[in-house]
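Presented below is the structure to which this report refers.
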Number of protein chains: 2
Amino acid sequence: MASSEDKTRLYELVLDNGWAASPYVWRIRYALAHKGVPCEPVPLGFTEIATAFGGRFKTVPVIEHGDTMLAESWDIAEYLDRAFPGRPALFSGPAEHALVRLTDTWYFATILRKMFAMYVLDVHDAARPEDRAYFRRSRQELMKGATLEEFTANRASRLPALRDAMMPLRTHLSRFPYLGGSAPNFADYIALSGFLWVASVSTLPLLAHDDALRPWLERGFDLYGGLGRDPRVKTLFE
Amino acid sequence: MASSEDKTRLYELVLDNGWAASPYVWRIRYALAHKGVPCEPVPLGFTEIATAFGGRFKTVPVIEHGDTMLAESWDIAEYLDRAFPGRPALFSGPAEHALVRLTDTWYFATILRKMFAMYVLDVHDAARPEDRAYFRRSRQELMKGATLEEFTANRASRLPALRDAMMPLRTHLSRFPYLGGSAPNFADYIALSGFLWVASVSTLPLLAHDDALRPWLERGFDLYGGLGRDPRVKTLFE
């Protein structure tokens, strides 16, 4: 295993404006900040990812740490706790690890997947011009032939259901400042990263201006010196 | 605070057949078994709960431990870890505690609430005869005037959506033997208790016979010497 002294690089997905835009990259950015591990970002466009790793990895985030290279956000998060044992842990133990994973599974099925469907055309439009044709083709294959425009045409009508699906987060955050309790944990980073990804590309405000999630989102984007703050980030609120 | 040597009683809700039937009581039964705290059950019918505690508590579970009496399953679970520090902990720390609570919130909103709507008439029919009129009146008030029969008339048509809502549990349990990871934790007890409550009254099988949840349910009902096993428990499977 690489030493905790070795340099760390994070291969990221970038938009045309240079801002990182992948909910899976963002959760690793937060994880690295949580652990206080300095990291050099390596920006890649959609079309560069397929060839950047000689076919070894097809998605980002990819982390490079000494002579170790690793993809998949969960594998990376688990690796970080092993490789940097002297730094603050992402997972206090196996039960927290399992329950964050369950939270990720709920969040993906009930929220993130709906976000993808709602903002996929915005991602296309925010991508680097040379990445757009590839992005369109690969995503339209997933959508069984519908164009991105057809797929998102009635998206505003789907907003109420998406906002409703967030009710358990609101209930929880009426009791705790973070999903992880009194301090943020990887569950927060996962959920915040979904919202931050939407905010990177959004042309349709996701939330009402007084949404009860707002204080948590503001706190979360402020974490680690304002990790989620940038003039390129659009508002999530009406 | 009462001493860990003091006797513990659990006030429960019983059906006509004497079997306990409340998902909130069951999670505390599991919690007590997890901690290895012996406990004397005190069965109460729906109509007895209102008067049993001189108005102090209106719901069960209620736990009596020495001179301490406490209602609300979350307050009880947290109390058990404080009152029996030498026994296996329900929560390894604040992050596990917060994430189990989040899991409970998701589970209630997306699964347990739908179970209530589907099996409320079965609960009525399984209640002690002297409790049925009260149960009907109080539940129909919650349902804004619909009768229990009207409310459940088309329940079979709602099964597919309820089964779909369980997908995140199935995904998680394809990776881990329990929601809590390699060992069951309070998240398992919460979720198992919902299914066990359905199984206590069900006249409509909740799950397909080959549902991927089945191995976890079987394991969960077998825990602690077969805590969820009894001839009065009906099958959950088609």
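Coordinate-derived values only; no laboratory data. All values reported here derive from a predicted model rather than from experimental measurement. Every residue, glycine among them, receives a Cβ derived from its backbone with ideal geometry; neighbour counts consider all protein chains shown.
Taken about its Cα centre, chain A carries a charge dipole of roughly 420 debye when the Cβ of each Lys and Arg holds +1 and the Cβ of each Asp and Glu holds -1. Using R0 = 45 Å, the C-beta based FRET efficiency linking A:Arg87 and B:Ser157 works out to 0.30.
Label points for B:Pro160 are taken 7 Å from Cα along Cα→Cβ. From this copy to the others they lie 2.3 nm apart, shortest first. Taking the label point 7 Å along Cα→Cβ, A:Pro129 and its counterparts in the other copies are spaced 8.4 nm apart, in ascending order.
Within 10 Å of the Cβ of each residue in A:88-97, the mean number of Cβ atoms contributed by other protein chains is 6.
Using a cutoff of 8 angstrom between alpha carbon atoms and counting only pairs six or more residues apart, the relative contact order for chain A works out to 23 percent. Inter-chain Cβ neighbour count for A:168-176, averaged per residue, equals 5 (cutoff 10 Å, partner chain atoms only). Taken along the Cα-to-beta-carbon direction at a fixed 7 Å, the label points for B:Asp16 and B:Leu204 span 2.0 nm. At q = 0.21, 0.26, 0.30 Å⁻¹, what base-10 log of I(q)/I(0) does the Debye formula yield for the stretch B:2-61 when every alpha carbon is treated as an equal point scatterer in vacuo? Relative scattering, expressed as log10 I(q)/I(0), comes to -0.86, -1.13, -1.26. Within 10 Å of the Cβ of each residue in B:99-112, the mean number of Cβ atoms contributed by other protein chains is 6.
Across the copies of the chain, A:Ser182 has label points (7 Å from Cα along Cα→Cβ) spaced 2.9 nm apart, shortest distance listed first. As an exercise, use a Förster radius of 25 Å and the Cβ-Cβ distance of B:Glu5 and B:Tyr224 to find the FRET efficiency, rounded to the nearest 0.05. Approximately 0.70, to the nearest 0.05.
Its Cα centre serving as origin, the protein assembly as shown has a Cβ charge dipole (Lys and Arg +1, Asp and Glu -1) of approximately 620 debye.
The label-point distance for B:Met167 and A:Ala133, in a model that sets each label 7 Å from Cα toward Cβ, rounds to 3.4 nm. Of all residues in chain B, the one whose Cβ lies closest to the rotation axis carrying B onto A, together with that distance in whole Å, is B:Leu99, 2. Derived from the Cα gyration tensor, the three semi-axes of the equivalent ellipsoid of the protein assembly as shown are 44, 27, 20 Å, largest first. For the protein assembly as shown, the number of Lys pairs with C-alpha atoms closer than 24 Å, counting only pairs eight or more positions apart or on separate chains, is 13. Within the protein assembly as shown, DSSP assigns beta bridges of which about 60% are antiparallel (rounded to the nearest 5). Annotation: Cα Rg of the stretch B:1-101 relative to the compact-globule expectation 2.2 N^0.38 Å equals 1.06. The tail of the calculated P(r) for the stretch B:88-142, taken as Cα-Cα distances beyond 14 Å, holds 67 percent of the pairs. For A:Thr68 and B:Glu238, a Förster radius of 60 Å and the Cβ-Cβ distance give a FRET efficiency of 0.80, rounded to the nearest 0.05.
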